[in-house]
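None of the figures in this text is laboratory data; all of them are computed from the coordinates on show. Not measured: the values here are computed from a predicted model. Neighbour counts are summed over all protein chains in view; Cβ atoms, including those assigned to glycine, are modelled from backbone coordinates with ideal geometry.
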């Protein structure tokens, strides 16, 4: 679930970890593709949306748990509005400045690195709410989460054609790349479609490897929650366990996967720059207009309180 529009999204298929944190961010600004009034409503309702769309379906919370979690997430949202929305506005301005020009892979990577870095302070803000929730969970709720993960993974494998042929998987990756490109540039030409396919083919994306990391993160989450649920723990002892798990979500402990990810990120930056440099002046103008719209949405959110 990508939030801030950037050139590397055209090729990248979730090129870094922090899937849970990314979801928190994305639900906060998912309405940025809508009218301004809907943007404000969607962002202000982000805690409720996150609970409705992810937390409750995966854990089947009690009324008391729902009330506490929503209150905690509302506090995180207030911090996010003050501390992170200005960063988003700045990124969008930088993208608008880059969009009319030829770009270098280093410029794309620099922007992507800045966006990734913003997840670290968000993780720090999420530590206490997540520890509070973890302390209240019961064994049947963890069973519910495990069953939901299994269902999610089955859907993921189906969507990415992991059990299909290499050509089917390439077609999926190309289609996702084209959709991302057209979000910003508008309709792409037949030649650009062919280029996107070649870029996807040489992107180094390994769906099975990505799936394995996805499963590792889920198992890590479940193990952390189970550990917190054993013994007489409190926020003082649960907090560090959540903190360590969040850090592992943002930076995988699997050295081989980390090396694969680093290589892919560099390749994505190169591919995104290459595709952008093939776009027409009209397509770049369209990208600028889209980015201006996103910036206006973010600045409206900065001015508006619940």
Where in segment 52-118 are there helices (runs of 4 or more DSSP H), lying wholly inside it, with at least 1 residues that are touching a helix residue (DSSP H, G or I) at 6+ places or on another chain (Cβ under 7 Å), in contact (Cβ under 8 Å) with a residue 60 or more places away in the chain and closer than 28 Å to residue 304 by Cα? 63-83, 85-98, 105-117
For segment 214-233, what are the residues that are more than 17 Å from residue 138 (Cβ to Cβ) and touching a residue at least 24 places away in the same chain (Cβ under 8 Å)? 214, 215, 216, 217, 218, 220
One residue is enough: does segment 150-169 have a residue meeting the conditions out of contact with any helix residue (DSSP H, G or I) (no Cβ under 8 Å at 6 or more places or on another chain), under 22 Å from residue 287 (Cα atoms) and without any contact (Cβ under 8 Å) to a residue 60 or more places away in the chain? no
Looking at segment 293-306 only, could you name the residues that are surrounded by 15 or more Cβ atoms within 10 Å (Cβ to Cβ) and part of a loop (DSSP other than H, G, I, E, B)? 304
Of everything in segment 150-205 that's in a loop (DSSP other than H, G, I, E, B) and under 28 Å from residue 293 (Cα atoms), which residue is farthest from the chain's Cα centre (by Cα)? 189
Determine, yes or no, whether residue 122 is assigned to a helix (DSSP H, G or I) and more than 21 Å from the chain's Cα centre (by Cα). no
Any chance segment 128-137 includes a residue that's part of a helix (DSSP H, G or I) and free of Cβ contacts under 8 Å to residues at least 12 places away in the same chain? no
